[in-house]
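Below: one structure, written as structure tokens.
The values are calculated or read from the model by the stated rules, or taken from the named source; none is laboratory data. Owing to the predicted nature of the structure, the values given are computational and were not obtained by experimental measurement. Ideal geometry is used to build each Cβ from the backbone, glycine not excepted, and the neighbour counts take in all protein chains shown.
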Amino acid sequence: MTSAMPPSDPDVLAVLDRYRTCEFATLGKDGVPIAWPTATLHRPDGTFLITTSIALPQKAYNIRRDGRVAMLFSEPTASGLVGAPQVLVQGTAVCPDEIVTDVLPNAEYWRRLHERQPFNKTYGANAVTRRFFDWYYMRLLITVTPTAWTVRPPLPPGPATVPDGGSQGVSGAALSELAGYPSAVLASRTDDGMPSLRRVRVTGPAAAGRLRLAVPPDDSLRPGPVSLLAHSHDEQLWSLRSVVVTGELVEGDGWTFRPERIIGGGGTATPLAIIRQLRALRRTAQGYLDRRSLARPPIPWADLRTIKAVGTARRPGVAAGPPSSP
């Protein structure tokens, strides 16, 4: 059911509040919707706050070019909810070209992030990590104003993906990547051009280099350029894995997907690969600053320490105490 009005159902509101991540779709230069897993905060005024580091600015670039976005709340890990609905939020987003390091105006966002992902306290644990991970706290703020809400039942249980060791090229590689996840999120566009998201299953190989999809009935789905996002995290928002595959959605005897490009993935990262990735993120952040002739902004480590202490005090089963060293 789709409505322009925000939900009042407590079961739906619990999903918005308790899910650790949502799938967030923006439109690329070529108009293809691309989704990423991200954390968000539903504000009292009805808008959503999402932030992204200047080391990962693509979402911001896309929004500044086309503000139409979608969010899907469909990943229940660590929420404590069982059998909760999927919630699709479509709307418009703005992302000013302003780097924000002051965490106090959005203290609740940071408190939740630190409470739900305790590992990130290590980013400010000492002088070395503060220097190496300062880019993590150089944020671009994205505000999403909803225009449509859709509530769907959870994706029903289904069989695991059937891999095909004989598949070659992009199709075979995509199937191998996607087979590691129980389901994926299909990012498409509606007739009016808005991005839309839905949980689907990749069931196995199909003819002509395509993959078979199990898609719940949906009259709004149209063939054309799409992407698939598969991602997972553990109970503490760690062990993060994700892969995005772009391609073409084909209608026929059921829905199939023709993969064209794979973004991310690669299975378990080695320590060397992680170090290379972190260096690349730091270079991207520095490039963002250099293109704007900006000095590296200072991070308010004392304020972050205070917010982390509040999150620790409020976390069930954790005794309150002095804030940890940044």
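So the values come out like this:
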| quantity | calculated |
| --- | --- |
| Filtered residues of segment 235-265 (kept if of a type in the set (Gly, Ala, Ser) and either under 18 Å from the mean Cα position of the chain (by Cα) or crowded, with 16+ Cβ neighbours inside 10 Å (or both)) | SER239, SER242, GLY247, GLY264, GLY265 |
| Residue within segment 75-98 that is more than 24 Å from HIS233 (Cβ to Cβ), out of contact with any strand residue (DSSP E or B) (no Cβ under 8 Å at 6 or more places or on another chain) and surrounded by fewer than 22 Cβ atoms within 10 Å (Cβ to Cβ) present | no |
| Filter result (part of a loop (DSSP other than H, G, I, E, B) and under 30 Å from ALA179 (Cα atoms)) within segment 250-292 | ASP253, GLY265, GLY266, GLY267, THR268, ALA269, THR270 |
| Within segment 1-59, tally of residues that are part of a strand (DSSP E or B), hydroxyl-bearing (Ser, Thr, Tyr) and in contact (Cβ under 8 Å) with a residue 40 or more places away in the chain | 6 |
| Candidate set: segment 274-290, residues that are touching a residue at least 60 places away in the same chain (Cβ under 8 Å) and not polar (S, T, N, Q); chosen: the one farthest from ILE263 (Cα to Cα) | LEU289 |
| Search result, residues across segment 174-214 that are surrounded by fewer than 16 Cβ atoms within 10 Å (Cβ to Cβ) and within 16 Å of SER227 (Cβ to Cβ) | THR190, GLY193 |
| Filter result for ARG64 (without any contact (Cβ under 8 Å) to a residue 12 or more places away in the chain and within 19 Å of the chain's Cα centre (by Cα)) | no |
| Residue that is modelled with the lowest pLDDT, among those in segment 310-326 that are under 24 Å from SER79 (Cβ atoms) and surrounded by 12 or more Cβ atoms within 10 Å (Cβ to Cβ) | VAL318 |
| Segment 123-138 - residue that is at pLDDT below 90 and in a helix (DSSP H, G or I) and, of those, nearest to the chain's Cα centre (by Cα) | TYR123 |
| Matching residues, segment 293-305, being surrounded by 11 or more Cβ atoms within 10 Å (Cβ to Cβ) and either of a type in the set (D, E, K, R) or outside any helix (DSSP H, G or I) (or both) | LEU294, ARG296, PRO297, ILE299, PRO300, ASP303, ARG305 |
| Test for VAL200: is it within 27 Å of ARG65 (Cα to Cα), under 18 Å from the mean Cα position of the chain (by Cα) and in a strand (DSSP E or B) | no |
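Residues are listed down the side, and each one gets a yes or a no for (1) farther than 30 Å from GLY46 by Cα; (2) in a helix (DSSP H, G or I); (3) of a type outside the set (Val, Ile, Thr):
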residue: LEU81; (1), (2), (3): no, no, yes
residue: GLU115; (1), (2), (3): no, yes, yes
residue: LYS121; (1), (2), (3): no, yes, yes
residue: LEU140; (1), (2), (3): no, no, yes
residue: GLY172; (1), (2), (3): yes, yes, yes
